[in-house]
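The values are calculated or read from the model by the stated rules, or taken from the named source; none is laboratory data. In this text the structure is predicted, and so the values were computed from the model without any measurement. Please note: Cβ atoms are built from the backbone with ideal geometry, for glycine as well, and neighbour counts cover all protein chains shown. The area values use the complete protein model at the heavy-atom level, side chains included, leaving out ligands, DNA and RNA. Shrake-Rupley method; radii C 1.70, N 1.55, O 1.52, S 1.80 Å.
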Amino acid sequence: MAVENNVISIDALMPAEMAQKAEAIGVKKANLAFWPLFALSILAGAFIGLGAIFATTVSAGSAALPYGVARLLTGLVFTLGLILVIVGGAELFTGNNLIIMAFTNGKVTLKGLIRNWVIVYFGNFVGSVATAVLMFFTRQYTFGNGSIGLAALNIANSKVNLEFVQAIALGIMCNAMVCMAVWLCYSARSTTDKILAIIPPISGFVACGFEHSIANMYFIPLGLFIKQFAPASFWESKALVDAGVTIEKFTNLTWQGFFVNNLLPVTIGNIIGGAVLVGLVYWFIFLKKWSK
């Protein structure tokens, strides 16, 4: 429920109004001072990391379930990350691709757009990797007889073994859905509205196996930390022994594999999916000045 001009409104905003709101929010984001912007970006990286922790835990030992059911459950719990970002207030690179609407309409300069994206991307990286470091020290990867650690390794390994063009395409599809979730939130009048708008697109992209650059800043480093620093006792855990998994399976799980095979192409795909397929399309429809 909102009060506007002394009139109480409970209706959701319509798409044309959502476009105007997206533009105004883009201007505000582009003009944030460095330190608040950077701090909010670190928070967003950590929030997405929390969603990834939840998703990894739920996916552990899920081989007994049908593939689609296991993916659905993983996706549903991952929505925690964007809910925290939107409701809690934070700056997420993938969602901020929608600033392109304010830029294309002349309300944000190219310098302001790039400044926001660079600062937020780096802040998200710091928050995500710091969360992965902390989670490694919790030794949560040893829980469930090592099943959580095995799930974390398998997730990270699958991501660094993607083909370059495949990773770009998966990144495009992912951020189209993430930005649609953010776009739908612009229609919301309440926290409940926002949460309900977030759940379907976000659980959908995770269930479908699409690639999110900021989530991967948590998933892959955690797998790398486990591979490089986990004690020998972990590799002798019941879950790994039963699965016949040894460290040799993760040959391609390296820092180079993280940055070159995954993060670079997925980031390119995320920008195309969010800025072009969502931001520019809605700008073209609702904000571009058309003569009658």
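For this structure, a couple of remarks:
- Matching entry among PHE258, PHE229 (being over 12 Å from LEU153 (Cα atoms) and either in contact with a strand residue (DSSP E or B) (Cβ under 9 Å, 6 or more places away or on another chain) or open to solvent by 10 Å² or more (accessible area, probe 1.4 Å) (or both)): PHE229
- Lone unmet requirement of (1) closer than 15 Å to PHE54 by Cβ; (2) free of Cβ contacts under 8 Å to residues at least 60 places away in the same chain for PHE137: (1)
- Residue satisfying condition, being among the aliphatic types (A, V, I, L, M), assigned to a loop (DSSP other than H, G, I, E, B) and either at pLDDT below 95 or closer than 30 Å to ALA156 by Cβ (or both), within set ALA12, ALA70, ALA46: ALA12
- Lone unmet requirement of (1) without any contact (Cβ under 8 Å) to a residue 40 or more places away in the chain; (2) in a helix (DSSP H, G or I) for LEU113: (1)
- Index of the failed condition, ASN145 passing every other in (1) open to solvent by 40 Å² or more (accessible area, probe 1.4 Å); (2) over 17 Å from LEU84 (Cα atoms); (3) not in a loop (DSSP other than H, G, I, E, B): (3)
- Filter pass, THR57 being within 24 Å of SER203 (Cα to Cα) and among the polar types (S, T, N, Q): yes
Listed here are the residues, each with its yes/no results for (1) outside any helix (DSSP H, G or I); (2) of a type in the set (Ser, Thr, Tyr); (3) surrounded by fewer than 24 Cβ atoms within 10 Å (Cβ to Cβ).
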site	(1), (2), (3)
ALA152	no, no, no
SER158	no, yes, yes
CYS179	no, no, no
ARG189	yes, no, yes
ILE199	no, no, yes
ILE202	no, no, no
ALA215	no, no, no
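- Residues within the stretch 31-61 that are touching a residue at least 24 places away in the same chain (Cβ under 8 Å) and open to solvent by 10 Å² or more (accessible area, probe 1.4 Å), tallied: 17
- When we screen LEU240, LEU277 for residues that are aliphatic (A, V, I, L, M), open to solvent by 10 Å² or more (accessible area, probe 1.4 Å) and assigned to a helix (DSSP H, G or I), the only hit is LEU277.
- Among (1) under 15 Å from the mean Cα position of the chain (by Cα); (2) crowded, with 24+ Cβ neighbours inside 10 Å - the single one ALA207 does not satisfy: (2)
- Single unsatisfied condition, TYR67 versus (1) of a type outside the set (A, V, I, L, M, F, W, C); (2) without any contact (Cβ under 8 Å) to a residue 24 or more places away in the chain; (3) under 16 Å from ALA181 (Cβ atoms): (3)
- Close pairs (9 angstrom Cβ cut-off, 6 or more residues apart or separate chains): acidic (Asp, Glu) in the stretch 84-100, open to solvent by less than 10 Å² (accessible area, probe 1.4 Å) anywhere: GLU91/LEU37; GLU91/SER41; GLU91/ALA44; GLU91/VAL85; GLU91/ASN116; GLU91/VAL120; GLU91/GLY123; GLU91/ASN124
- Within the stretch 160-177, tally of residues that are among the polar types (S, T, N, Q), in a helix (DSSP H, G or I) and surrounded by fewer than 18 Cβ atoms within 10 Å (Cβ to Cβ): 1
- Subset tally (residues that are buried (at least 23 other Cβ atoms within 10 Å of the Cβ) and under 14 Å from GLN20 (Cβ atoms)) for the stretch 95-114: 3
- The single condition among (1) in contact with a Lys or Arg (Cβ under 6 Å, 6 or more places away or on another chain); (2) outside any helix (DSSP H, G or I); (3) not small (Gly, Ala, Ser) that LYS107 does not meet is (1).
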